[in-house]
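Read-outs throughout are calculated quantities, based only on the coordinates presented, and are distinct from any laboratory measurement. The structure presented is a predicted model; accordingly, all values stated were derived computationally and were not measured. Positions of Cβ are generated from backbone atoms using ideal geometry, with glycine treated the same way; all protein chains shown enter the neighbour counts.
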Amino acid sequence: MGPLRAAAARGLRRGGGGGRGAAPAAREGTKGSAARGGRPAPPAALHLFGDPAEVEALRGSLLAWYDECKRDLPWRVLAVTEPDVNRRAYAVWVSEIMLQQTQVATVIDYYNRWMQKWPTLQALAEASLEEVNELWAGLGYYSRGKRLQEAARKVVSELAGQMPRTAEDLQKLLPGVGRYTAGAIASISYGQATGVVDGNVIRVLCRLRCIGADSSSPPVIDRLWAMANALVDRSRPGDFNQALMELGATVCTPKAPLCGECPVKQHCRARLRVEKELALASRKLLGKLPVVPDVEDCSVGGCPLCPPAAEPWDSSLGVTNFPRKAAKKQPRVEQTATCVLERRGRRGALEYLIVQRPSSGLLAGLWEFPSVPLAPGLQQEQQREVLVDHLQAWAGQPVAAGSLRFIGEVVHVFSHIHQTYVVYSLSLDGDVTLDLASSPSRWVTEEEFRASAVSTAMKKVLRACERQRGEESGPATGSKRKRGAKPGAAGSTRPGTQLSLRTFLRAPNPP
Ligand code: SF4
Ligand SMILES: [Zn+2]
């Protein structure tokens, strides 16, 4: 078995996640790791920064590169220009929460809108969860916004509006603030000399010091935190931490690192190993005896930081041998039946019914089209019946299954769920008053729908409906115009094509 296949068989994969927040467990899941008992054996020299002069040189090179090459990002500007320490910490905090699991390019617009709307902790504390969800819509991982607001309320109501002033207190006192976020806020806003470890830092450090053991395992994570804390520049900790993350995001990338342009390449042992191998290979090619020794591991049998013996260095991968981490658990496969209920509103505009999800759990408090989870293995007709039953439950009256129009399937992958929405639509006419005892609901225009706190998945569902409507209306004109004009299209006002409420809600015992 080749190394890669063997890696797959062992559940390890090479390389790190691409995004800044690619390793949330590593960043935030280590709250209790320091509390484990037992002092681990000191790592082998290969994995250490044992020379203070080298550490100084690395800090200098990295900071000089950062000063020259860093991206201009709004939260970086605020972190430098905002004189009020609480506002500064808040500005960094918001950016760090948004950047978890999300690309910088996506975050910028959300960040600017957020800071414009809620420039202070106090302003955020006074906002409603609905407003927070609306602004967060499309950013994903919606509990982040909710927890951010809960924590802001706590600072205002219990801490007199004062942000905790150290990484330790930030982590201890603020819900949703883990070790990484606390370190980032404290180093960037307060200048506390504390390190940070996120997905990018993991990748860079593992390569700098040839760490090939599972980078999501607690001993390796502990080692990386110790390394980050030791390396962080004492006079510019915030810049140093951002520089390390910036390096991982732009130069030391997961699949195609730009080692030739790397400001710390002279300190990188993964690169050194690659160079040694190349030198060895070229001497062999020329028929010369090697003058460099064979590339060694760290000479410590069973080293907890080296790649496992069954998974040695693979020359074809170069520096991307590092890092490695256990393969992610496959996401759970789920199916949900969803019904896009449409009607013509008072001014003739098409409207959709949306209902609010429960205030806890996945997509808490967000709005969606009426939906119901499906048991695995149901045939399409059975799925339709389940949806009909669900619609009846809140409509309070029987629904004709044949009235539902099958639109198609929409797949959306959440962090841990592979969700397939089986989408139907149903057009109603006139004034429809449905008895929605269990969930809050409202009718919204398309514009209102897009401005509402709805998930990206629901936007995809609506797009699927609109696409089908457009296809049915023909290729020559835009779907929006056709909605009201083309006979036969869903939502049309032509008699006979739009379902009446009487058709939708059949009498239980027809006379
Ligand atoms: S030399 Fe290459 S592998 Fe090493 S830190 Fe720089 S970019 Fe990463
Ligand atoms: Zn080792």
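With each label modelled as a point 7 angstrom along the Cα→C-beta vector, the ASP84-GLU381 pair spans 6.6 nm. Exposure proxy ranking for ILE417, ILE108, ILE202, based on other Cβ atoms within 10 angstrom of each Cβ and starting from the fewest, stands as ILE417, ILE108, ILE202.
Do any of LYS154/LYS460; LYS172/LYS459; LYS255/LYS328; LYS329/LYS460; LYS146/LYS460 go past 27 Å between their Cα atoms, and which? Please report the intermediate quantities before stating the final value.
Details: LYS154/LYS460 35 Å; LYS172/LYS459 37 Å; LYS255/LYS328 18 Å; LYS329/LYS460 25 Å; LYS146/LYS460 23 Å.
Among LYS154/LYS460; LYS172/LYS459; LYS255/LYS328; LYS329/LYS460; LYS146/LYS460, the Cα-Cα distance tops 27 Å for LYS154/LYS460; LYS172/LYS459.
Would you mind counting up the charge near MET458? Only other residues with Cβ under 12 Å from its Cβ, with Lys and Arg at +1 and Asp and Glu at -1. Result for the local shell: +4.
Using a simple spin-label model with pseudo-atoms 7 Å out from Cα toward Cβ, GLU471 and VAL413 lie 2.3 nm apart.
Placing unit charges on the Cβ atoms of the charged side chains and taking the dipole of segment 77-207 about its Cα centre, the candidate lying farthest along the positive direction among LEU173, VAL132, TYR90 is LEU173. Averaging Cα coordinates gives a centre for segment 64-94 and one for segment 222-276; these two points are 21 Å apart.
For a straight C-alpha distance cut-off of 16 angstrom, the aspartates and glutamates reachable from LYS117 (same-chain residues fewer than eight places away being disregarded) are ASP109, GLU126, GLU130, GLU131, GLU134.
For LYS325, LYS255, what ranking results if the residue with the fewest other Cβ atoms within 10 Å of its Cβ goes first? Could you put the intermediate results ahead of the total?
Working: LYS325 24, LYS255 9.
In order of increasing Cβ crowding within 10 Å: LYS255, LYS325.
Kindly identify segment 346-407 as rounded, prolate or oblate by the Cα gyration tensor criterion: order the square roots of the eigenvalues as a ≥ b ≥ c, call it rounded if a/c is under 1.5, otherwise compare a/b with b/c, prolate if a/b is larger, else oblate. All intermediate terms of the calculation are to be shown ahead of the outcome.
Details: a/c = 1.85, a/b = 1.10, b/c = 1.68.
The shape class here is oblate.
Listed by chain and number, the aspartates and glutamates whose C-alpha is less than 20 Å from the C-alpha of LYS284, apart from same-chain residues fewer than 8 away, are GLU275, ASP294, GLU296, ASP314.
Excluding VAL423 itself, what net charge comes from residues whose Cβ is under 14 Å from its Cβ, given Lys and Arg +1 and Asp and Glu -1? Within the 14 Å Cβ shell, the charges total +3. Using a ≥ b ≥ c from the Cα gyration tensor of segment 197-346 (square roots of the eigenvalues), is it rounded, prolate or oblate, where a/c under 1.5 gives rounded and otherwise the larger of a/b and b/c decides, a/b for prolate? The shape class here is prolate. Put in order of Cβ neighbour count within 10 Å, fewest first, the listed residues ILE97, ILE185 become ILE97, ILE185.
Between ALA160 and GLU261, what length comes free when the chain is fully extended (0.36 nm per residue of separation minus the Cα-Cα distance, one decimal in nm)?
Details: separation 101, 0.36 × 101 = 36.36 nm, distance 4.74 nm.
Length gained, ALA160 through GLU261: 31.6 nm.
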